[in-house]
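See below for the structure under consideration.
The values are calculated or read from the model by the stated rules, or taken from the named source; none is laboratory data. Source: prediction; values computed, not measured. Methodologically, a virtual Cβ is constructed for each residue, glycine included, from the backbone with ideal geometry; neighbour enumeration extends over all protein chains shown. Accessible surface is based on the protein model in full, side chains and every heavy atom, while ligands, DNA and RNA are left aside. Shrake-Rupley method; radii C 1.70, N 1.55, O 1.52, S 1.80 Å.
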Amino acid sequence: MYQITLATSNKHKVDEINLIAKDFDIEFVLPDGDFNPVEDSDNFIGNAYCKAKSAALNAKTKLTLADDSGLCVEALDNAPGIYSARYAPTPKERIEKLLFNMKGKENRKAKFVCAMVVVNNKGEILYKIEQTCDGSIMYEPKGEGGFGYDPIFYVQSENKGMAELTSLEKSKVSHRAKALNCVLNWLKDNK
Ligand code: ITT
C-alpha cells in the first residue's frame with residue numbers, strides 16, 4: 001500500500017477521493033492535528049499549493065496532495081470561485097446567498113473547478129492539474145447526495161442535479177474525479 005498525505009480538513013473531499021481511487025493501492029494519510037493553512041493566492045492552483053506545501057513540511061510520506069476547489073458562476077463574474085468555502089458561514093446560507101444573487105439572471109451557466117497539486121517533502125511542486133465539471137445553477141435545491149453547492153448544481157453530462165447522483169456516479173463525473181484521475185495516472189510512473 002503506497003501512502004500519500006492528503007492536505008485537507010474537509011471530510012467530504014476525503015470520502016470522495018477515497019472512492020475515486022478505490023481501485024488503486026493508495027492510502028491517503030491526513031495531516032496531524034488542526035489543518036487550516038492560509039490560502040492567500042488569487043487562483044485555485046495557487047491555493048492548492050499553499051495547502052500542499054504547509055502539510056508537506058510535517059508529512060511522514062514522500063508525497064503530499066492538495067485539492068482546492070469551488071463553483072464558478074458565469075453571470076456572477078465567476079463568483080464564488082476561490083471564495084466558495086467562505087461565501088457565507090454555513091453551506092445552507094451559501095446556497096441561499098447564491099440563489100439570491102442569481103435572481104433575474106437568464107444565464108445560469110456554471111462550472112465546478114478542482115485544482116490538485118502534488119509536492120515532495122521539500123514543498124516543491126511535482127505535478128499540478130485543474131479540471132472542471134460543466135453545468136448550470138438550478139432554481140431550487142434538489143437531492144440529498146454530495147456536499148456544498150451540489151444541491152443547486154445541474155450536471156450537464158448527466159442531465160441531473162449533482163446531489164441527485166449516487167456517490168459512485170459523482171465519483172465518475174465530478175471535477176474532483178477528473179483531476180484525481182490525472183494525478184493517479186501521473187503517480188503510476190512517478191511515485
Ligand atoms: P480544505 O481547504 O481543508 O481542503 P475546504 O472546504 O476549505 O477544505 P476549499 O478551500 O477547496 O476547501 O473550498 C472548497 C469549497 O467549494 C467547498 O467548501 C464547497 O463549498 C465547494 N465545493 C468544492 N467541491 C465541491 C463539490 O464537489 N460539491 C459541492 N461543493 C463543492
Restricting the first residue to the stretch 162-191 and requiring it to be under 19 Å from Tyr127 (Cβ atoms), which pairs with a second residue that is open to solvent by 40 Å² or more (accessible area, probe 1.4 Å) and outside any helix (DSSP H, G or I) meet a Cβ separation below 6 Å and a spacing of at least six or different chains?
His175/Gln131; His175/Thr132; Lys178/Gln131; Ala179/Gln131; Leu184/Phe24; Trp186/Tyr127; Lys191/Tyr2
Could you please find all residues in the stretch 93-118 being touching a residue at least 12 places away in the same chain (Cβ under 8 Å) and closer than 19 Å to Asn10 by Cα?
Arg94, Ile95, Phe112, Val113, Cys114, Ala115, Met116, Val117, Val118
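Considering Glu16, Glu39, which residue is of a type outside the set (S, T, N, Q) and assigned to a helix (DSSP H, G or I)? Explain how you work it out, then say what you get.
Details: Glu39 fails: assigned to a helix (DSSP H, G or I).
Going through Glu16, Glu39 in turn, the sole match is Glu16.
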Would you please list the contacts, defined by Cβ atoms under 9 Å and residues six or more apart or on different chains, that run from a residue in the stretch 123-150 that is exposed (fewer than 15 other Cβ atoms within 10 Å of the Cβ) to a residue that is acidic (Asp, Glu)?
Glu144/Glu164
Where Asn107 falls short, out of the listed (1) part of a strand (DSSP E or B); (2) over 17 Å from the mean Cα position of the chain (by Cα); (3) among the polar types (S, T, N, Q):
(1)
Over the stretch 58-92, the set of residues buried (at least 20 other Cβ atoms within 10 Å of the Cβ), closer than 21 Å to Asp34 by Cα and without any contact (Cβ under 8 Å) to a residue 24 or more places away in the chain is none
